[in-house]
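Structure, as structure tokens:
Just so you know, all these numbers are worked out from the coordinates, no wet-lab data involved. Every value quoted in this text rests on a predicted model; they were computed, and no experiment measured them. Cβ placement follows ideal geometry from the backbone for every residue including glycine, while neighbour counts extend to all protein chains displayed.
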Amino acid sequence: MATVQVKQVSKRFGSTQAVDDVSLEIAPGEIFGLLGPNGAGKTTLIRIILDIIRPDTGKIAVFGGPMDEAKKNRIGYLPEERGLYADIKLMSVILYLASLKGIDRKEAATRAEAYLRQLDLWAYRDKHLKELSRGMHQKAQFIVTILHDPDLIIVDEPFSGLDPVNTRLIRNMILGLRDEGKCIIMSTHQMHQVEEMCDRIALIHRGQKVLAGPVMAVRRQFAKNTVEISGSGPLNTLPEVEHARQINGTWHVTLAEGITPQRYLRVLARHEEISVEHFTVALPRLNDIFISMVGADAAEEENMTVMPTEPAAEMTSIEKGVGG
Amino acid sequence: MKKTFFIARYEYWRFARRKGFVFVVLGLPLLMLAAFAVIFLVFSSRENRPVGAVDETGILIAPDIYAEIDASPPFVIYTSEVEARAALEDEDIQAYFVVPAGYLTTGDILVFHAGDASEDVNGEISDYLRTSLLAGSGVAEDLASRLGAGGLDTQFISLLEERSGNEIASFLFPFFLGLLLMMSIFTTGGYMLQAVVDEKENRTMEILLTSVTPEQLMTGKMAGLVCLGMTQILVWTSFLLVGFLIIRTNVPELSLIVPPFDMVALGVAWFVPYYIIYACFMAIVGLSVTEVSEGQQAAGIFSLLAAIPFWFMLLLITAPDSTVAVALSLIPFTSPFSILIRYGLTTIPPWQMILSWLLLAGTAVFTIYLVGQVMRLGMLRYGQRLTVRQILGGIRSS
């Protein structure tokens, strides 16, 4: 049974169609990436799922039915803008919010201690939140999100404000929760995190779902007939090659129409003068897909994390010496 | 229900620990105590040195006889004005008066004083002279004592009401009680504005709403703040009561006045729903604005509405059963204060009491519902103001 079912949900605010006929199903044990530019309708959709606002049309089922108080106790939510109560002590806020999730105070204190120690915040438990750094705030709020062991976790930009060490810590915790069978909805603009962590994604643009599916399937869907190859011999001059350019010793080869990477690989193998050290079918980055779908302007607005130094793709990697 | 209680408890302690709250709760009674102390000091330092008397007619009785009548300040008779003047200059006496030889025909008395003589001197001299004149007039002793100093024992009996105590208390108690309750509402009720603006803008409210419904959240907050307000009232009235009881033991005239506990109960019954309405209004304002300062301006409108009974105060006192007074005690924004004032001055028909409370409580329940609706709407507009039209539109579409 899907943890979250969104069926043909629409929501309009005045003249703005915030969500337009969106349907999704998100299962336990998966990390679902909810992507889209600012103002696309992601947060509205999350709020509709959380029953903070009601849709104009369509239906939402969480844990198999409409939201109720018991189900709210099984949900953890980390909103994008974070603050909590600045003038309250860290431990006090954690225990208060845990109490609203139906967790016994003693149990909450035990769990809080474990998480605070894990995230290196134990020494700050009696500090007022206003005394903590942005990264500490972020970690504190992540603790609040998962302390009650929720089955559905919705995190909006979970890595913002975190240094690489803490990003990795939170990332591993989220992956661990997925492995425990939790259903995780993650909204982020850090596309490399989506590629590394998400099982499936949906791209929302102007309230509509414009793209959805498993991450690899989406990347394959947008893959051009391109391979990356390194080695020696006339790799770039074969008739199967339409266009090739060399970057840092690696050839980025666009294949001629009708030539598949597999066929090109077989052709390479037949040429004894060619030696192949590395062969990769190039898949587009989610970042590039995002830009192609929502436009470069929106991408700039997003300040998306682009990783130009990494190889363009690495879905199928074959390392083989051919004929050498 | 349990979650609502948690919210109430949290909100209560969150604000009760604030220095500002503690200062207001304890500061006001301490200020009142200081005022009492100043009044006490003024009265205790009142001029009580003797008053000299120079009798040129021979009618004055011996001061020790007069002293039996418990005169304050005491009198000292001097044989000549020179002696009296010397005593005045030596500051042995605060003033002296001369009964001139022609007093019995002119009735003129001369009073000499240096600095501020006690205000009581004039009355005391009159009493002394009257007592002296009566002592030598041959009037029967019991009759003389009636005509003399302290002979007048007036009792005021009101034909309008059979209330114990006096009319001043019937007005002053509800007035001050109402004033305290209003002050409590405006101080602690204002916390709601701040809490809502903060929680909305830092998105804590969204986290809370993934645990509770908007109605649970608002009811919890409301209960916490009402308890906070009641704590304030409890502390203030306790101080007042203790202060009053101390004064009553020292001022016999006040012994008939019994603290009107029924009035306190009435005040609480009316002010709790009023408190909820005010806090809800603050919450709606908080959800509609992006900064506390903007909200405070809007809060001024409510304060104006709440001040209406003060504009009609004279009417409420002089004609507590008039149509306007009845209307004021039925309209939810003005009813608590109006009912309290009228309760002290007249007998309010039960139907008016019941209708007044039901209208007030009904409005309180409606405003909680209203806040829930506005909250769903306000959540979407964080960083933006909500207009009245948007609020009404949102309520209609919900």
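When only Cα pairs below 8 angstrom with a gap of at least 6 residues are kept, chain A shows a relative contact order of 19 percent. Calculated mean residue ellipticity, 222 nm, chain A: -9500 deg cm²/dmol, from DSSP H runs (n ≥ 4) at -39500 (n - 2.57) each, averaged per residue and rounded to 500.
Counts of other chain beta carbons within 10 angstrom of each beta carbon in peptide B:368-377 average 1. For the residue pairs A:K89/A:K182; B:K2/B:K221; A:K106/B:K2; A:K72/A:K106, the alpha carbons lie more than 23 Å apart in A:K89/A:K182.
Sorting the segments A:240-249, A:154-163, B:313-322 by their residues' average number of neighbouring beta-carbon atoms within 10 angstrom, most packed first, yields A:154-163, B:313-322, A:240-249. Ranking of A:R134, B:R248, A:R285 by neighbouring Cβ atoms within 10 Å, starting from the fewest: A:R134, B:R248, A:R285.
Between A:R74, A:R266, A:R178, find the one with the highest GNM mean-square fluctuation for chain A; connect C-alpha pairs within less than 10 Å. Maximum among the listed residues: A:R266. Cα to Cα, under 19 Å, and not fewer than 8 places away if on the same chain: which lysines meet these conditions relative to A:K11? Within the straight-line cut-off, A:K11 pairs with A:K42, A:K59, A:K209. Helix A:105-118 and the longest principal axis of the Cα set of chain A meet at an angle near 40°.
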